[in-house]
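Reviewing the structure listed below.
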Amino acid sequence: MAAVATGRSANESRRDVRHLFTRAAQALRAAKNAYREGGVVAVERLASDAAYWRFSPRVRRWARELPRQEAADRAFDAYYGTETAGEELLQNLGIAAGDVARGNGRYRPVWADVFHQALAALGLDCERFTFVDYGSGKGKALLLASDYPFEEIIGIEYSPELQRIAERNIERYRGREQRCYQLRSICADALRFEPPNKPLVCFFFNPFDDDTMRAVLERLGESARSSRREIYLVYTNMRNVREHEDVLIEHEDLVLLSREERYLVFALQPCSG
Ligand SMILES: C[S@@+](CC[C@H](N)C(=O)[O-])C[C@H]1O[C@@H](n2cnc3c(N)ncnc32)[C@H](O)[C@@H]1O
């Protein structure tokens with residue numbers, strides 16, 4: 001009767017009910033696994049993550065914007081003969097299972113307009129600076145950065161597959177506005193990367209979980225203490241910087257210069273040492 005009243009066939013209603021039961025069973029399984037691994041706290045975290053992805057206005061704004069940005073990424077690649085667009089799961093890219101979560105699980109290219117807005121907010125005279133992209137993926141940020149007159153541009157990427165693609169992209173890219181040709185992409189774990197002893201712009205497009213971010217900041221802080229120089233950090237997140245900003249905002253060596261929905265800009269000024 002209900003099916004007739006809503007204009008849905010009995011088969012469609014049965015399919016919906018089956019789908020509902022499948023989803024409920026999946027959620028129950030995930031909750032059981034979380035409980036086994038981390039008790040009530042882990043189940044609470046699972047529930048709040050699920051609610052965030054399902055209901056958060058930030059995620060909805062990002063999801064609405066995504067198709068336009070993905071079309072722009074594809075147009076960029078078609079124009080320059082590069083391969084940067086699309087999403088890749090790190091588990092399919094030669095990353096050890098234990099390291100996938102440290103790297104937030106997936107590759108995505110930075111949105112070009114957010115990248116340029118963040119660099120405009122930084123407002124630097126780039127010639128004296130080396131640009132370092134921590135977690136450089138297929139090199140989109142490296143290519144975009146090469147339209148600025150940086151002294152050098154370096155990408156650090158721990159997936160050998162993505163790193164190879166970045167190298168190919170660097171060879172292919174000839175931007176109309178290109179100002180820097182000293183680009184290189186290194187295959188390494190950011191945790192083991194020694195920052196160059198130069199003035200730096202360190203770029204992060206949501207590459208790490210909080211512990212990895214803390215460890216990378218620690219290393220940058222040590223480097224700044226042992227050799228005083230200008231170091232700036234640009235953190236971007238295409239949904240909202242709030243997802244990971246506490247690690248940065250609360251860091252005693254970081255001075256916030258600019259904060260927008262999708263990027264943060266800091267100066268690294270070590271307090272002691
Ligand atoms: C969201 S993608 C950003 C790609 C690129 N920076 C861009 O803006 O287009 C993050 C990248 O960080 C890489 N990554 C995550 N953890 C890493 C680590 N510990 N060392 C090096 N690369 C890492 C991932 O493999 C992924 O390619």
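Just so it is clear, none of the values below were taken in a lab; they were calculated from the coordinates. Because the structure is predicted, anything quoted here is derived from the model rather than measured. Cβ sites come from the backbone with ideal geometry, for glycine too, and all protein chains shown count toward neighbours.
Here are the numbers for the structure shown:
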item	result
Among A27, F266, P149 - extreme Cα towards positive end, dipole of the chain, charges at beta-carbon	A27
Rounded to 10°, Cα long-axis angle of helix 112-122 versus longest principal axis of the chain	50 degrees
Average Cα contact separation per residue, the chain, under 8 Å, 6 or more apart, as relative contact order %	15 percent
Angle between the chain longest axis and helix 210-226 axis [Cα atoms, degrees, rounded to 10]	10 degrees
Nonlocal amide H pairs with S258, under 5 Å, H built at 1.01 Å	V265
Under 5 Å, built H, 5+ apart or other chain: amide partners of F203	V132, D133, Y134, V234
For the stretch 34-48, 3J(HN,Hα) per residue [Karplus equation, 6.51 cos²θ - 1.76 cosθ + 1.60, θ = phi - 60°, Hz, x = Gly/Pro]	4, 4, 4, 7, x, x, 4, 4, 5, 5, 4, 4, 4, 5, 6
Whole-Hz couplings from phi, Karplus 6.51/-1.76/1.60, listed for the stretch 94-102; x for Gly and Pro	x, 9, 4, 3, x, 9, 4, 5, 4
Karplus-derived 3J(HN,Hα), 6.51/-1.76/1.60, for each residue of the stretch 155-160, Hz, glycine and proline x	x, 10, 9, 8, 8, x
Distance cut-off 22 Å, percentage of C-alpha pairs in the stretch 106-268 lying past it	36 percent
E218/R68 FRET efficiency (R0 51 Å; Cβ-Cβ; nearest 0.05)	0.85
Electrostatic dipole magnitude of the chain [Cβ: Lys, Arg +1; Asp, Glu -1; Cα centre; debye, to 20]	1160 debye
Model label zone, E250; criterion: amide N under 20 Å from point 7 Å along Cα-to-beta-carbon; scope the stretch 178-206	206
For the stretch 106-268, with +1 on Lys and Arg beta carbons and -1 on Asp and Glu, the positive-most of P196, Q163, H251 along the dipole	Q163
Listed residue (V40, V59, A71) projecting farthest to the positive dipole end of the stretch 1-124, Cβ model	V40
Hydrodynamic radius by Kirkwood, which averages 1/r over all alpha carbon pairs of the chain, in angstrom	20.6 Å
GNM flexibility winner over the chain from V110, V41, V255 (Cα, springs under 10 Å)	V41
Coarse-grained scattering of the stretch 188-230 at q = 0.14, 0.17, 0.21, 0.25 Å⁻¹, given as base-10 log I(q)/I(0) from a Debye sum over alpha-carbon atoms	-0.31, -0.46, -0.70, -0.96
The stretch 106-268: relative contact order in percent, alpha carbon pairs under 8 Å with at least 6 residues between	22 percent
Net lengthening on full extension, S258/L191 (0.36 nm per residue, minus Cα-Cα)	21.5 nm
Estimated dipole of the stretch 2-55 in Debye, rounded to 20 [Cβ of Lys and Arg +1, of Asp and Glu -1, Cα centre]	200 debye
MRE, 222 nm, helices only [DSSP H, n ≥ 4, -39500 (n - 2.57), over the chain, to nearest 500]	-15500 deg cm²/dmol
